[in-house]
Structure formats: C-alpha cells, structure tokens
Amino acid sequence: MTVEIRTKGVKPLAISFGHLQRRFGDKPATRYQEATFDIQSTANFHYKPLWDPEREMFDARRTAIVMKDWYALKDPRQFYYGNYTTTRAKQQDAIDRTLDFVEKRDLLRGLSQDTRELIVHAIVPLRHYEWGANTNSAHVSAYGFGTAITSPAMMNTADRLGMAQHISRIGLLIDGNSGDSLQAAQALWTDHADWQPLRREVERMFVTRDWFEVFVAQLLVADALVYPLFFQQIDAAIAGDSGSALSSLSDALMRWYEETAKWIDAVIKTAAAESADNKALLSGWVQTWRDRLLPTLTPIAQRALGNKADDALAATTAALNARAAKLGLAV
Amino acid sequence: MAAEGNSKPAKKLSLKENYALLTRGLGWEPSYEKKEDIFRYISFEGVKIHDWDKWEDPFRLTMDAYWKYQGEKERKLYAIVDAFQQHNGQFNVTDARYVQALKLFINGITELEYDSHRGFNILAREFPGVGPRIAAQMQSLDELRHATTQIHTISQYAKYFTGMNEFPYQFDRVWYLSIPKSFFEDAVTSGPFEFIVAISFAFEYVLTNLAFMPWMSGAAFNGDMATVSFGFSAQSDEARHMTLGIEVIKFLLEQDPGNVPLVQKWIDKWFWRGYRLLSLLATMMDYMLPKRVMAWNEAWEIYYEQNGGALFADLARYGIKPPKRAPETIAEKGHVAHQMWSVFYGVRDAVGFQTWLPSDEEMAWMSEKYPDTFDKYYRPRYEYWKSLEAAGTPFKNATLPQLCQVCQWPCLFTESGDPTTLSLRESEYQGQTFHTCSDGCKDIFDDTPEKYVHAWLPVHQIYQGNCFLPGVDPTAPDFNPMYEALRYMGIKPGIDGGDYKGSADATNWENWTSRPANIHEGAYTDAVRDTANPADASARKTS
Ligand SMILES: [Fe+2]
Ligand SMILES: [Fe+2]
C-alpha cells in the first residue's frame, strides 16, 4: 500500500535527533552518529551498584583519564552493529575461501615436521593470548564511559574471540582436526618456560582496574608488540623456509590488526591531546607496559628466529615508540 | 602431530565438535594472579558453583558463524528500513494515535536494550567459565543491536512527530520513564547471578512473549512496517536469549541445593518487577492502538497463566514454586489498563505523549473484553469526563502523583479484592517512611531497604526543587514550577503532551495524509474534508 501524501506540505519537524543537532548542527545524521552519540545514560541513577557502591552504574571515574566530552573519542571506522557485522561477515567469506584452499591441499599438514612443530609451539598458543585480550577488551566495554568508546570495545571483544578461533583453526589444519595441537598449545601456554613471561603479564592485565590503562596495555602496547612480531616477523621467517601457506592465514590477522589500529590511534591521540595530565598518564602506561611486555617476548622470539630475534624485537619496539610519539605521547 | 596422523585424511568435524574444539580450553587456570582477584564479583551473592564446565553453552555459535548469520539479518533489515524511509512509511500507520505508543517505546524501551547490553557485558567480563562468558558476550552484542536498530527505524518517525527527538535525555529525566529506567538499573546494579536470573529468566524467558506478541501484532495490524521488521529480526536473537534463560536457571539449581532459595527469591522479585514494567503495555494494547489486537487480560491469560503455569510445573522438581505474587497479577488484570490510562489522561499536560478519551466504539470493545469490570468501574468515569470535555471544562489533575518507592509507578493500583480502595503500603527504615504500591513492591523494599532508599523518585525530586534547568530562578514572580520541571525533563510544554485533538501531531497528520487523525471520531480539520470530496474543495476555491 502506498499512501498519497501531499508532498508539498510535508516538512520534517526536525532533521535529526536533538542531541545530534546540538553536536553536529542542523543536518542529516549518519547511522553511526544515531547509534553512538549520547546513547548511554548519564544522569539520575537510582541505586548504588552492589559490586561498586562508591560509584554510579555508569561512571566516568572508573579511570584516571579525564575527558570533558567522552564522545570526542570517535571511531574512524564509524562502526555500528549493522556495518560491523556485515563487514566482518564479508571478511570471513574471504577467510573461509583461504581456509578451504589450505585444507583441501593439506598445505599446513604437508609442511615439514619441524615447521609444523614450530607453528604449534610459536603460533597456536596465541589463541590463549587472544582469549586474554577478549577478557581485557570486555573489561574496557563493561566499565568504560560513553558509547563512543564502549561500543567499538564491545565489537573488539567479539573480534578477539574471532581471532582466537581463527588461530585455533590454524592448529586444526595442522593436526587434521584431532585437536592435539590445541591441547599441546594449552600446555605450552600454561607450563612451558617460553610462554610463562607473557602469560604472567596477561594475567596482570586481568587485575588492572583502570579500564583505560587496560585499553592501553592490551590494545595499544601488547598488540603492537605481538602482532608484528608473530604475524610478520616470525611468519616471514617460516615462509622463507617453508613457503607461504601460513602467511595466507596470518594475513587476515594482520589486516584486522591494521584496521583496528586506526581506531586505537584515534582514541589515544584524542585523549592525549585533551590535557597534559592525560598525556602524562598515557605516556606512563605505555612505558610501563612496554617495559613489562617486551622482555616476555624474548624466549619465544629466540626459539622462532634464533639470532635474528634481537633485531626483530628492536624493530617492533621502534615501531611502537614511533607510533606512540606520533600520537602525541612522550615515551 | 605424529607423522602417521599426518598422512591420514583430516577428520570431519560435526558442528558440536567444531564448536567444542574452538571454544573449550580457551581459558586456563590462572597462576600468577589469584582467581578471586580476576573475577571479583561472583561470590558476594552467596551462589555456589562447583563446576563451571557443566554449563552447556546453548548457542554453540562460533564468532564467524555469528558474524555471518547476524550480518545477513542486518542486510535484510536495513534494506527494509531504507525503503521505509524513502517511501515515507511513517504515514502508513492507522492514525497518529498509534505514534503516541511509539513515543513510549523509543523514550522508555530503547535505552533498556542499551542497559541490557551493559549488564551482559559485565557478565561477559566477570563469569569465570568460557561457555557462559561467550553466551553473555553474544547477548551483550545482540542487545546493542536491538538499541541500534530501534533508533535507526524510529528515527524516521522522530522527524515527523513530536516528543521523540530527545530520547536519551528524556529517559534519564522524565518522571514516568523512571519506571523502566529504575527496573533495568536495579538489575544491572545487582550481582551477576541476580542479573541473569532477573533478565535472562524472569524477563526474557517468562515474560518476553507477552511483550513481543501483542506488540508485534499491534504494529503489524496498524501498518508499522518498521517496527514489525526490527521486531521480527530481533526475535531470532530473542529465541537464543530465552534458551540462555532456562539453561542458566537449571544450571544454578543443579549446582547446589543452597542456590534454590536464592533463585526463588529472585524469581519472586523479578517476576513482580517485570510484571509492573510490562503492564505499561496494558495501556498501549487497550487504549493506544487504533486497531486493537487483543486485550491485556487475554494476553496475560495466554502468555502468563497458561504458558507460565506449565513452566513452573516443570520447575517444581527443583523445589521452585510459582512466583509469590502471581495471584495478584491475575486479580488485577481487569483493572490495570483502565487505572493507568485514567492517571495519564489526568496528568496529560505533564507527559510527553498525547492522550484522549476512548470513543464509544472503543468503550463498547472494552465492555465486551472486560465484562466484570469496565462498565461497573470505568465507563462511568469516562462518560463523566466526556461530559466535562463537552461542557468546555475538561478534567485535569494539576499535581503529580505519589510514586511507589520500588516500581516507581504512581500509587494508582487498587486492593486486590476491592477496586474502589487504593492499594498503599508503608515501610519504616531508619526513622523514615517509604511508600509502595502493593505487597509485591513492599516485599522487595523490605528485603533490601538499603538499596531502594537510594531510588531517584522524580516526583519527590521535582517537589524538592531539584529538577530545573540551570539559570531558572524559583523566586522569580512568574516562576511556574510545573512548566520548568517539564523543560528540565525535555518535554516541550503544550506540544509533546496534552490533548490529542488539536495537537500538532493530529493536525499535521490530517494536513499531510488527508486522513482522519482519529479513525473513530472522523476528521478534526478541513484538510481531510478537502480531499475526501474534491468537488467540495474546488467549489470553495472558486467561490
Ligand atoms: Fe533486547
Ligand atoms: Fe510498586
């Protein structure tokens, strides 16, 4: 049924929601703006949370970072649920084609035993690192303030489960779906000396309360060290010896990392530019967590890269430092 | 890894095996930090969990499957939303009275989806088991979806009708919106186990169909394709959430016999709180839908008395009894809608949607649906108010009502056996008196008074002078406290609320659609007569 309307008389009373007009002026709003800005409650809370009676249910005081307007922390990807899920679904279609290609041709199972063991030793345990990142990202979205930061953090939480499962699939492609490699990787993660220093720091993040510090520790510092080291440097070393089967699967992880970095960078840059106090806090967190995390990667880098490990770690650190400096931090 | 394993063809995995391999075992027993420092909130409620792995994740969705499944739903939904906007679908509804119900929806319900997103997000961080954490994350993400799709569809209405343009602002401030706001804040500020019993079980599993079925059929029946589309798209999420609700109850009850009384207490509480919240639907179904689908008492019979009865019979083997205050809900079902609408009509100048008196045709419908109550108690009241309107001296209530300390409804309900006596209860706490609307709400207050004394009761706040915008001077000679309180709440006095007849929405509707703004009363303005009889219009133009 179509309704005849007298189009000449029909003028909208408002072109967008009032809160969006006050922020962006009298113009049509994007779906990102509609879904994001000023959505979270800010006033007249009813009860003291039993789990945190000193603060409100939504409370900006769960971090030491101070923002005049928490909605300054925009996501340059402009994700809302709809374009987030359709983007990931499309990317997954491409990933599935690669997985299928690798599986049909037994590309990972066809690698030499040494290489397969190296991948199980040095790559597959990262599924637990990703699960840790899922916990940390869930912490950011559960206790953060303002939809602008918490909504992409929720999506990042989901992403990290996706990445953990992608890495698990690498294991299954090696062990022919027996799950042996996943079991081996868990034992490595919980007991092997190569992985204990990193697990120690991941668990330290679990007890870090300030959600913005967790954001910096996990999403800026740890990821900036882990992703390039494992999925570029170690991946390249394996490819140099054994061809690019693994790279075809790490590629999705690196692309995701680069896409996500745009959001992380925008958040850090804006928060640092807000005040000297923020800048000092953020810089301090980057230094602290970099200095904690960097040495944890040495054993596994040495195992995978031998005498090239120091150079790889130095390059990764230099890239992190340069990135932080570009974002306005003093590291 | 062994060489011989490598020469065999890869094993084919069932969905269940695939899910288990990709999910179970992701977590680990921490050893560098204490478990209780990592998961800090799971012991204070007294629930005992001996084995988190016994919680079977009911969804068994890997993340990639979730993206694809949900992405496909979003593609379809947004295609409809785009078409709805291009074709001015907002004018396809029966009349603009229907839109008054949508105002309650965007202002009062959409933010609940958001609070739900936050509540499940906290669980997604705080539950120690991998299975429950993943289930909570996916639901948290789903709830973000619900808030988002509601905003995206209703935004089209907000452009053309009054009172929908400030929904987040109003949600935090409007006096009757503290009914939904306090409901969800109560749940989120509870411990994680109470939250999941409250929302996943009492709300989603026991009560959600009651909200969903009449609401969706009402929307479909009244031509609102936007709401129907997001509603049905959300329904498949809802099916997952209901499964979670029943799984979690069984898990808690099976883990430790000590959990049974706690779960029972939460069921009693959240059934009552959920019932009070949803009875807002009663006014919508019986009064606000121009084309009605079923009456509130019929919905309560089908979706609670029948379905709920079967459910609680099934849970009896765990020692769980039906909700303590269920009998009151049955005793009230012939009254609540009429009592609520009467209150909203009386204070119509202080609400953000327009009200009207039911037409003769609508009253005949109510007499039929409510043979024991309508003609006896409510018809005389409406007929009297109609006569006052006709005489030009319409009834208005200038004072805002006393609110219940727990559910925050005005204390408008009557005693179960006596529909002429208001139900009022009092509790003393630390030397002060607190008012509740019913035994159900008094139970809740008396169990945890230290929580409910903090409730931000808007009417109290208004009368205490806490609800004015900055710069307003209460000592100024022309100071009008009600006008200023409305501005504080984000309601445009004289525009968003008041009488439907003569309102901007009714007048615009007739101008824009050439259809009557109230299908039961005929046209209010010439705009309708004009096109109904073109000869008429041209005759007038030439004369
Ligand atoms: Fe929902
Ligand atoms: Fe109450």
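The values are calculated or read from the model by the stated rules, or taken from the named source; none is laboratory data. Quick caveat: nothing in here was measured; it's all calculated off a predicted structure. Please note: Cβ atoms are built from the backbone with ideal geometry, for glycine as well, and neighbour counts cover all protein chains shown. Areas reflect the complete protein model, heavy atoms only, side chains present, ligands, DNA and RNA absent. Shrake-Rupley method; radii C 1.70, N 1.55, O 1.52, S 1.80 Å.
A few points about this structure:
- Once the chain from A:GLN196 to A:ARG209 is taken as fully extended at 0.36 nm per residue, the excess over their C-alpha distance is 2.5 nm.
- Ranking A:THR85, B:ILE179, A:HIS192 by how far each Cα lies toward the positive end of the dipole of the protein assembly as shown (charges on Cβ) leaves A:THR85 at the top.
- The Cα atoms of the protein assembly as shown give a gyration tensor whose axes a ≥ b ≥ c have a/c of 1.5 or more with a/b greater than b/c, which makes the shape prolate.
- Computed with a 1.4 Å probe on the full set of protein chains, the accessible area for B:GLU254 sits at about 120 Å².
- Computed in the context of the full set of protein chains, the accessible area of the protein assembly as shown at 1.4 Å probe radius has 53% of its extent on carbon or sulfur.
- Secondary structure note: in chain B, about 90% of the DSSP beta bridges are antiparallel.
- At R0 = 22 Å, FRET efficiency that the Cβ-Cβ distance of A:ALA236 and A:ASP114 yields, to 0.05: 0.85
- Extension reserve of the A:ALA276-A:ASP52 stretch, reckoned as 0.36 nm per residue once the Cα distance is removed: 77.8 nm
- Computed from phi, the 3J(HN,Hα) profile of the stretch B:66-72 under the Karplus parametrisation 6.51, -1.76, 1.60 (θ = phi - 60°) reads 4, 4, 5, 5, 6, x, 5 Hz, with x in place of Gly and Pro.
- Gain upon complete extension [A:ALA43, A:ASP265; 0.36 nm per residue less C-alpha separation]: 77.0 nm
- Phi to ³J(HN,Hα) by Karplus 6.51 cos²θ - 1.76 cosθ + 1.60 over the stretch B:504-517, Hz, x for Gly, Pro: 4, 4, 5, 5, 4, 4, 5, 5, 7, 10, 6, 10, x, 6
- Unit charges on C-beta of K, R, D, E only; dipole of chain A, Debye: 1160 debye
- Rounded to the nearest 20 debye, the dipole magnitude of the protein assembly as shown is 1520 debye, with +1 charges on Lys and Arg beta carbons, -1 on Asp and Glu beta carbons, and the Cα centre as origin.
- Relative contact order, whole percent, for the stretch B:373-468 stands at 22, derived from Cα pairs under 8 Å and 6 or more residues apart.
- Cα gyration tensor category, rounded, prolate or oblate, for chain B with a/c compared to 1.5: prolate
- Sites B:GLN85 and B:GLU368, calculated FRET efficiency, Cβ-Cβ separation with R0 25 Å, nearest 0.05: 0.05
- Estimated inter-spin distance, A:ASP106 and B:LYS291, nm [label 7 Å along Cα→Cβ]: 6.4 nm
- Working note: Cα atoms of the stretch A:84-209, range along each principal axis, descending, whole Å: 49, 39, 18.
- Environment charge of B:THR94, counting only residues whose C-beta is closer than 14 Å and scoring Lys/Arg +1, Asp/Glu -1: -3
- Contact-buried residues of the stretch B:38-57, at a threshold of 50 Å² lost accessible area versus the chain by itself: B:ARG40, B:TYR41 (1.4 Å probe; DNA, RNA and ligands ignored).
- Buried accessible area, chains B and A (both chains, 1.4 Å probe, Å² to nearest 100): 9500 Å²
- Counting lysine pairs in chain A whose alpha carbons fall under 21 angstrom apart, excluding pairs fewer than 8 residues apart on the same chain, gives 15.
- Buried on complex formation within the stretch A:34-76 (loss of at least 50 square angstrom of accessible surface versus the isolated chain, 1.4 Å probe, ligands and nucleic acids ignored): A:GLU34, A:ILE39, A:SER41, A:ASN44, A:HIS46, A:TYR47, A:LEU50, A:TRP51, A:MET57, A:PHE58.
- Probe 1.4 Å, protein heavy atoms only - accessible area per residue of the stretch B:228-285 in square angstrom: 25 Å²
- Spin-label model, B:GLU56/A:THR98: points 7 Å from Cα along the beta carbon direction are separated by 3.5 nm.
- Kirkwood hydrodynamic radius over Cα pairs of the stretch A:73-326, then Stokes diffusion coefficient at 25 °C and 0.890 mPa s, in µm²/s: 132 µm²/s
- Length-normalised contact order for the stretch A:73-326 - Cα pairs under 8 Å, 6+ apart - percent: 25 percent
- Cα shape, the stretch B:1-130, gyration tensor, a/c 1.5 rule: oblate
- Mean separation of Cα contacts under 8 Å (6+ apart) over length of the stretch B:272-400, as relative contact order %: 24 percent
- In the context of the full set of protein chains, residues of the stretch A:73-326 present 32 Å² of accessible surface per residue (probe radius 1.4 Å, heavy atoms only).
- Only DSSP H runs of four or more residues enter the estimate; each adds -39500 (n - 2.57), and after division by the residues of chain B the mean residue ellipticity at 222 nm equals -17000 deg cm²/dmol.
- Positive-pole candidate from B:ALA390, B:VAL406, B:PHE91, dipole of chain B, charges at beta carbon: B:PHE91
- Using Cβ point charges alone (K and R +1, D and E -1), the dipole size of the stretch B:123-274 about the Cα centre works out to roughly 180 debye.
- Efficiency of FRET from Cβ geometry, B:ASN466 and B:ALA390, R₀ 41 Å, rounded to 0.05: 0.55
- Using the average count of surrounding beta-carbon atoms within 10 Å as a protection proxy, the listed peptides B:412-423, B:219-230 rank, highest first, as B:219-230, B:412-423.
- Inter-chain neighbour count for B:158-170: the average number of beta-carbon atoms from partner chains within 10 Å of each residue's beta-carbon is 5.
- Largest first, the residues B:GLU328, B:GLU521 sort by 1.4 Å accessible area into B:GLU521, B:GLU328.
- Each of A:GLN302 and A:THR30 was given a label point 7 Å from its Cα along the Cα-to-Cβ line. The distance between the two points is 4.8 nm.
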